[in-house]
Amino acid sequence: MDVIGVVASIVYQFCTNTAFLLLCALGLIVILGMMNIINLAHGELMMMGAYAASATYSRGAPFWLAAIIAFIAVGIFGTLLEVTIVRRFYGRELGALVVTWGVSLVLSQGFLLLFGPFMPPIQIPEGNIALGQYSFSYYWIAMFVVAALLVAALWWIYNRTDIGLQARATMQNPSMARALGVDTRRIYMMTFTLGAALAGLSGALLAPTTSIMPFMGQQFVASAFITVVVGGATNVIAGAVGSSLLLSLVKTPIGFFLGAFLGTVALLLAALIIIRLIPDGLSAAIQRRLDLRHRMR
Amino acid sequence: MTEAAILSIDRVRKHFGGVVATDNVSLDVAAGDLQCIIGPNGAGKSTLFALVCGMHELDGGRIVFKGKDITWMLPSHRVREGLGLTFQTNRVFGNLSVQQNLEIPLAAIRGERGVEAENRYRVALKRFDLDLKDQTQAANIPHHKRQWLEIAMALAGGPDLLLLDEPTAGMAPEETGNTAAVLRDLNRTGLTILVVEHDMAFVRGVARRVTVMHQGRVFADGTIDEVTARRDVHDIYLGRR
Amino acid sequence: MINPFSLLSGPEDLGRGLIFGLGAAIVIALFLAVPLYLSDFAAYNVSYYLLNIPMALGLCLLWGYCGVLSFGQVAYFGIAGYAYGIIAGNLSGHSWGPILGSLGGLAIAAIVAAVFGYFVFFARVQMWILPILTLVLTLLLETFLGQTAGYQWRVGSVQLGGYNGMTGIPAFQIDDFVFSGYSFFYLAFGLALFCYFACRMLVNSRHGKVMLAIREDAVRTEMLGYDIRMRQLLVFVLAALLAALSGLLYVQWGNYITPSQVGLLSAALPVIWVAVGGREKLLAVVIGTYALNWLNYQLSSSGNQYALVIIGALLVVVMLFFPRGLVVTLAGMVGRASARSEASTDRGHRSSPA
């Protein structure tokens with residue numbers, strides 16, 4: 001039944017694209033939602049995650065372990081970055097953009113000089129499901145599941161834990177949160193660490209799809225930035241999920257018929273149109289809807 | 001719409017998320033009048049100003065200024081039509097000098113509006129003790145001077161209707177008195193002024209008409225004596241309603 | 001009426017007065033006298049530092065004076081360069097090919113900037129969105145140009161060339177005269193000087209003051225009657241034109257252009273020049289651009305692989321410790337020192353008996 005195959009293939013593509021966008025953007029959105037700054041070193045953090053994973057994988061570690069190590073290692077680096085540089089730029093959004101870009105330059109060039117132009121690649125874990133002439137790789141199905149689990153984990157942290165409550169308070173009104181005893185400096189530090197760690201994890205997870213080199217972050221940042229711009233800073237989870245789904249809806253058919261590059265171009269065009277219509281991002285629109293429903297009750 | 005109303009706010013509604021800021025507000029400002037809007041905090045006074053200026057979009061109703069429906073007009077166009085505004089929290093260009101601040105408003109519009117507009121601006125500069133060549137950074141001048149600077153900047157555009165949001169906030173009694181005097185004199189030249197204020201002495205000193213707002217609605221309307229005589233107006237201020 | 005002299009000596013840029021004027025005249029004279037002490041080749045290298053100045057001035061106007069950060073100046077640099085290559089390349093027999101190519105390069109860059117800017121400024125997006133979108137545009141442009149290697153990727157008779165780029169770009173010829181060596185140096189210097197003076201007059205004019213106001217408080221400026229979206233759009237297009245001019249000069253300088261001119265590393269450079277020099281003052285940016293390009297050349301020509309790491313680190317250090325920029329901070333110190341010495345001279349005069 002070829003129709004089933006085609007439909008399944010489209011759904012699979014859609015899920016793959018959504019997973020890709022989510023993984024690229026999650027770390028960035030976590031930081032943006034809290035501190036209102038875009039970390040332009042995000043691509044390099046992903047690269048570092050891929051490097052960490054490659055280093056441990058080529059020494060025999062299983063892929064899932066390599067990914068976890070990448071999560072931790074890049075998270076620690078993120079903490080260092082926050083404490084030394086980033087925290088001086090809270091409230092100065094454009095300054096933060098520029099300084100994180102300087103950091104990204106130093107990191108990418110530095111890694112080139114330290115480790116050379118290539119790292120040992122990570123093979124895509126084998127195996128796929130075949131349906132007629134279409135095959136669906138376990139790897140991408142796993143990526144989709146992982147992305148969904150990450151979103152669920154973040155939702156749980158933000159909405160069901162104490163620290164998540166403090167984080168949400170800080171996001172809404174930092175001075176008020178401080179007045180109520182929340183250590184906002186610690187929250188910022190933890191948030192940046194989490195954002196960096198997620199970037200590292202994503203870099204490690206996506207490493208099998210590409211060659212591992214100092215500038216590999218570049219292929220992810222365009223998608224990450226577009227997803228974040230469309231999502232907006234109002235509500236981390238809603239923004240990430242809503243934006244990834246919507247953009248994937250655009251990218252899947254165009255990518256399917258016209259190729260990956262035009263798919264990304266379509267994303268940029270879609271982003272331009274969406275922000276013209278909803279300037280503060282999807283998450284703000286979703287938040288307004290939620291608030292309205294709350295009011296009706 | 002009343003005859004000779006320069007501004008007519010007609011059943012205007014605005015909500016932010018779950019909060020209704022402006023609930024079916026209708027208000028007319030007669031040309032040449034000096035009207036005050038008073039009411040407890042959170043009554044929706046500043047939101048109303050923001051709506052009249054176009055900083056937020058309405059959720060319902062219309063705004064008519066000098067006979068024109070400006071409900072969908074861009075803020076900058078409304079200013080060119082003759083609206084002048086000061087903000088609740090003083091909003092001059094703090095990092096720029098007093099001279100630069102005064103150079104920025106569109107002298108061109110004031111020129112179009114004729115001699116009266118020019119005179120009002122000059123009077124304000126003189127009575128507010130503002131020097132066109134003052135190089136002091138605006139953030140470094142005394143607070144009341146900054147408030148006066150903002151009023152002068154609003155007058156620099158030669159408006160027909162001046163909207164002032166708590167112009168005397170943080171001012172000492174003497175400065176408040178000076179502000180009231182200047183506004184009275186400007187009003188006598190034909191400038192319509194709508195003021196949001198908390199300082200009752202000030203309101204008494206200037207207003208011909210007072211509107212009381214509460215919880216996003218117009219609660220009472222009349223002269224200062226009529227309004228302050230009302231028991232229910234006292235109650236809303238005391239939180240009894 | 002507009003008085004160019006008063007516009008040039010206004011307060012919105014560094015330096016004014018007799019001493020400054022004399023100093024500027026000396027510097028200009030030094031540049032004009034270059035054939036006396038620099039070889040043809042050395043002048044050619046200096047031309048590279050100079051041709052980047054218009055692009056940096058554009059970013060300075062946009063970011064320093066108008067408060068709009070764009071990572072996309074190089075996109076317009078590249079668009080103009082490639083457009084010139086395509087148009088002039090296809091008209092290579094004709095004498096008006098280069099002129100058409102130049103105008104075409106400027107026009108296409110302006111149109112792209114206008115369309116892009118319309119979507120962003122008229123949407124009144126939050127401040128951080130524009131830098132990101134300009135960065136994305138640049139990335140996409142580089143990716144696109146990079147994959148144009150095949151023979152089918154050509155416009156008319158001109159190959160786009162993929163990552164190797166477009167070569168053999170025709171020079172701007174007037175009859176038999178081609179700009180090269182010293183003549184190109186004078187062209188680059190003249191245009192850089194012209195752009196600088198024009199920008200300096202702009203920022204001191206009323207339009208310049210409104211730009212400052214928009215930077216300081218856009219909403220407030222709007223409530224003074226200005227259409228801020230249109231003004232931001234116009235400055236954005238002007239910046240794109242300046243970047244395009246640099247791009248046109250570049251393809252005259254090298255007769256080639258590659259996607260890496262539009263890449264992430266290249267996109268970082270104007271931001272670094274402007275940030276390190278001092279984004280709020282045009283002259284600081286001119287000095288910063290010249291100095292950093294000179295530094296880059298010294299580092300990379302001596303085989304130093306750390307050139308980009310050093311420059312990236314310089315950006316971080318400047319943002320942390322000299323946020324107003326090195327040249328602006330220095331100028332501030334000089335200004336305060338001279339004010340103090342004037343005050344002490346006054347005191348000296350007053351204390352001496354009459």
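The values are calculated or read from the model by the stated rules, or taken from the named source; none is laboratory data. These figures come from a predicted structure and were not determined experimentally. Every residue, glycine among them, receives a Cβ derived from its backbone with ideal geometry; neighbour counts consider all protein chains shown. All accessible areas refer to the heavy atoms of the entire protein, side chains included, with ligands and DNA or RNA removed. Shrake-Rupley method; radii C 1.70, N 1.55, O 1.52, S 1.80 Å.
Hey, among the residues in the range C:186-241 that are acidic (Asp, Glu) and assigned to a helix (DSSP H, G or I), which one's nearest to residue C:127 (Cα to Cα)?
First, pick out the residues of the range C:186-241 that are acidic (Asp, Glu): C:216-217, C:222, C:227.
Adding the requirement that they be assigned to a helix (DSSP H, G or I) leaves C:216, C:222.
Values: C:216: 12, C:222: 16 Å.
In this case the residue turns out to be C:216.
Collect the residues in the range B:47-69 that are within 14 Å of chain C (Cβ to nearest Cβ) and either open to solvent by less than 20 Å² (accessible area, probe 1.4 Å) or at positive phi (or both), keeping them in residue-number order.
Initial filter on the range B:47-69 (within 14 Å of chain C (Cβ to nearest Cβ)): B:49-57.
Once the filter is applied, which keeps residues that are within 14 Å of chain C (Cβ to nearest Cβ) and either open to solvent by less than 20 Å² (accessible area, probe 1.4 Å) or at positive phi (or both), the range B:47-69 yields B:49, B:50, B:51, B:52, B:53, B:54.
Go through the range C:18-65 and give me each residue that's free of Cβ contacts under 8 Å to residues at least 24 places away in the same chain and open to solvent by less than 20 Å² (accessible area, probe 1.4 Å).
Across the range C:18-65, there are no qualifying residues.
Name the residue that is farthest from the other protein chains (Cβ to nearest Cβ), counting only residues in the range C:312-324 that are open to solvent by less than 60 Å² (accessible area, probe 1.4 Å) and closer than 16 Å to residue A:89 by Cα.
Filtering the range C:312-324 down to residues open to solvent by less than 60 Å² (accessible area, probe 1.4 Å) leaves C:312-316, C:318-320, C:323.
Subset that is closer than 16 Å to residue A:89 by Cα: C:315-316, C:318-320, C:323.
Working: C:315: 3, C:316: 4, C:318: 8, C:319: 4, C:320: 6, C:323: 7 Å.
Out of the qualifying residues, it is C:318.
Hey, any hits in the range C:275-297 for a residue that's open to solvent by less than 60 Å² (accessible area, probe 1.4 Å), within 28 Å of residue C:79 (Cβ to Cβ), within 11 Å of chain A (Cβ to nearest Cβ) and without any contact (Cβ under 8 Å) to a residue 24 or more places away in the chain?
No, because not a single residue in the range C:275-297 is open to solvent by less than 60 Å² (accessible area, probe 1.4 Å), within 28 Å of residue C:79 (Cβ to Cβ), within 11 Å of chain A (Cβ to nearest Cβ) and without any contact (Cβ under 8 Å) to a residue 24 or more places away in the chain.
Return the pairs, sorted by first residue and then second, in which the second residue is open to solvent by 50 Å² or more (accessible area, probe 1.4 Å), the first residue lies in the range C:318-338 and is assigned to a helix (DSSP H, G or I), the beta carbons are less than 7 Å apart, and the residues are 6+ apart or on different chains.
C:318/C:326; C:320/A:88; C:327/C:287; C:328/C:280; C:329/C:322
Out of all the residues in the range C:34-73, which are of a type in the set (A, V, I, L, M, F, W, C) and touching a Gly at 6+ places or on another chain (Cβ under 7 Å)? Show your work before the answer.
Initially, the range C:34-73 is screened for residues of a type in the set (A, V, I, L, M, F, W, C), giving C:34, C:36, C:38, C:41-43, C:46, C:50-51, C:53, C:55-57, C:59-63, C:66, C:68-69, C:71.
Within the range C:34-73, just C:43 meets the criteria.
Just give me the residues in the range B:78-101 being touching a residue at least 60 places away in the same chain (Cβ under 8 Å), within 7 Å of chain C (Cβ to nearest Cβ) and in contact with a strand residue (DSSP E or B) (Cβ under 7 Å, 6 or more places away or on another chain), in sequence order.
Scanning the range B:78-101 gives a single hit, B:85.
I'd like the full set of residues that are modelled with pLDDT under 85 and within 14 Å of another protein chain (Cβ to nearest Cβ), limited to the range B:102-136.
Answer for the range B:102-136, where residues must be modelled with pLDDT under 85 and within 14 Å of another protein chain (Cβ to nearest Cβ): B:106, B:107, B:108, B:109, B:110, B:111, B:112, B:113.
If I ask for residues that are under 21 Å from residue B:174 (Cβ atoms) and either in contact (Cβ under 8 Å) with a residue 60 or more places away in the chain or surrounded by fewer than 17 Cβ atoms within 10 Å (Cβ to Cβ) (or both), which ones from the range B:102-126 would you list? So that I can check it myself, show each step before the final result.
Here is the first cut: in the range B:102-126, the ones under 21 Å from residue B:174 (Cβ atoms) are B:123-126.
Scanning the range B:102-126 gives B:123, B:124, B:126.
Could you list, in sequence order, all residues of the range B:204-221 that are among the hydrophobic types (A, V, I, L, M, F, W, C) and open to solvent by less than 20 Å² (accessible area, probe 1.4 Å)?
The first filter runs over the range B:204-221 and keeps only residues among the hydrophobic types (A, V, I, L, M, F, W, C), leaving B:206-207, B:210, B:212-213, B:218-220.
B:206, B:207, B:210, B:212, B:213, B:220 - these are the residues of the range B:204-221 that are among the hydrophobic types (A, V, I, L, M, F, W, C) and open to solvent by less than 20 Å² (accessible area, probe 1.4 Å).
Just checking, does the range A:44-63 include any residue being of a type in the set (Gly, Ala, Ser), free of Cβ contacts under 8 Å to residues at least 40 places away in the same chain, open to solvent by less than 60 Å² (accessible area, probe 1.4 Å) and farther than 24 Å from residue A:143 by Cα?
Taking every residue of the range A:44-63 in turn, none turns out to be of a type in the set (Gly, Ala, Ser), free of Cβ contacts under 8 Å to residues at least 40 places away in the same chain, open to solvent by less than 60 Å² (accessible area, probe 1.4 Å) and farther than 24 Å from residue A:143 by Cα.
(1) more than 14 Å from every other protein chain (Cβ to nearest Cβ); (2) surrounded by 21 or more Cβ atoms within 10 Å (Cβ to Cβ); (3) over 20 Å from the mean Cα position of the chain (by Cα): which one isn't true of residue A:102, the others all being true?
(1)
Of the conditions (1) touching a residue at least 24 places away in the same chain (Cβ under 8 Å); (2) part of a helix (DSSP H, G or I); (3) more than 14 Å from chain B (Cβ to nearest Cβ); (4) among the hydrophobic types (A, V, I, L, M, F, W, C), residue A:216 fails just one. Which one is it?
(2)
Sort through A:180, A:154 and tell me the only one that's modelled with pLDDT of 90 or more and either open to solvent by 80 Å² or more (accessible area, probe 1.4 Å) or under 25 Å from residue A:202 (Cα atoms) (or both).
On the way: A:180 fails: modelled with pLDDT of 90 or more.
That would be A:154, the only listed residue that is modelled with pLDDT of 90 or more and either open to solvent by 80 Å² or more (accessible area, probe 1.4 Å) or under 25 Å from residue A:202 (Cα atoms) (or both).
Residue A:250 - would you say it is touching a residue at least 40 places away in the same chain (Cβ under 8 Å), in contact with a helix residue (DSSP H, G or I) (Cβ under 8 Å, 6 or more places away or on another chain) and at negative phi?
When the stated conditions are applied, residue A:250 does not pass them.
Confirm whether residue A:263 is away from chain B (no Cβ under 14 Å) and touching a Leu at 6+ places or on another chain (Cβ under 6 Å). Spell out the reasoning first.
Numbers: away from chain B (no Cβ under 14 Å): yes; touching a Leu at 6+ places or on another chain (Cβ under 6 Å): no.
Considered against the rule, which asks whether it is away from chain B (no Cβ under 14 Å) and touching a Leu at 6+ places or on another chain (Cβ under 6 Å), residue A:263 comes out as no.
For the range B:186-231, name all the residues that are part of a strand (DSSP E or B) and of a type in the set (Lys, Arg).
Taking the range B:186-231 first, the residues part of a strand (DSSP E or B) are B:192-196, B:209-214, B:217-222.
Residues satisfying the conditions are B:209, B:217.
Among the listed residues A:116, A:164, A:91, identify the single one that is within 14 Å of chain C (Cβ to nearest Cβ), surrounded by fewer than 18 Cβ atoms within 10 Å (Cβ to Cβ) and within 18 Å of residue A:33 (Cβ to Cβ).
Details: A:116 fails: within 18 Å of residue A:33 (Cβ to Cβ); A:164 fails: within 14 Å of chain C (Cβ to nearest Cβ).
Answer to the check: A:91.
Restricting to the range A:219-247, what's the tally of residues that are closer than 25 Å to residue B:17 by Cβ and free of Cβ contacts under 8 Å to residues at least 40 places away in the same chain?
Final tally of qualifying residues: 1.
Tell me which residues, restricted to the range A:274-294, are away from chain B (no Cβ under 14 Å) and farther than 20 Å from residue A:14 by Cβ. Quick ask: steps written out before the conclusion?
Residues of the range A:274-294 away from chain B (no Cβ under 14 Å): A:274-276, A:281-282.
Hits for the range A:274-294 are A:275, A:276, A:281.
Tell me the residue from C:15, C:93 that is in a loop (DSSP other than H, G, I, E, B), open to solvent by 30 Å² or more (accessible area, probe 1.4 Å) and either more than 21 Å from residue C:253 (Cβ to Cβ) or among the aliphatic types (A, V, I, L, M) (or both), please. Show your work before the answer.
Details: C:15 fails: open to solvent by 30 Å² or more (accessible area, probe 1.4 Å).
Being in a loop (DSSP other than H, G, I, E, B), open to solvent by 30 Å² or more (accessible area, probe 1.4 Å) and either more than 21 Å from residue C:253 (Cβ to Cβ) or among the aliphatic types (A, V, I, L, M) (or both) holds for just one of C:15, C:93, which is C:93.
Sort out which residues of the range B:23-46 are under 12 Å from the mean Cα position of the chain (by Cα), outside any strand (DSSP E or B) and more than 14 Å from chain C (Cβ to nearest Cβ), and write them in order of number.
Within the range B:23-46, just B:45 meets the criteria.
Quick one: residue C:38 ticks every box in (1) touching a Phe, Trp or Tyr at 6+ places or on another chain (Cβ under 9 Å); (2) over 30 Å from residue C:124 (Cα atoms); (3) in a helix (DSSP H, G or I) except a single one, so which number is it?
Only one criterion is unmet by residue C:38, namely (3).
State which residue is most open to solvent (accessible area, probe 1.4 Å) when the search covers only the range C:224-243 and only residues that are away from chain B (no Cβ under 14 Å) and touching a Pro at 6+ places or on another chain (Cβ under 8 Å).
Checked the range C:224-243; the qualifying residue most open to solvent (accessible area, probe 1.4 Å) is C:242.
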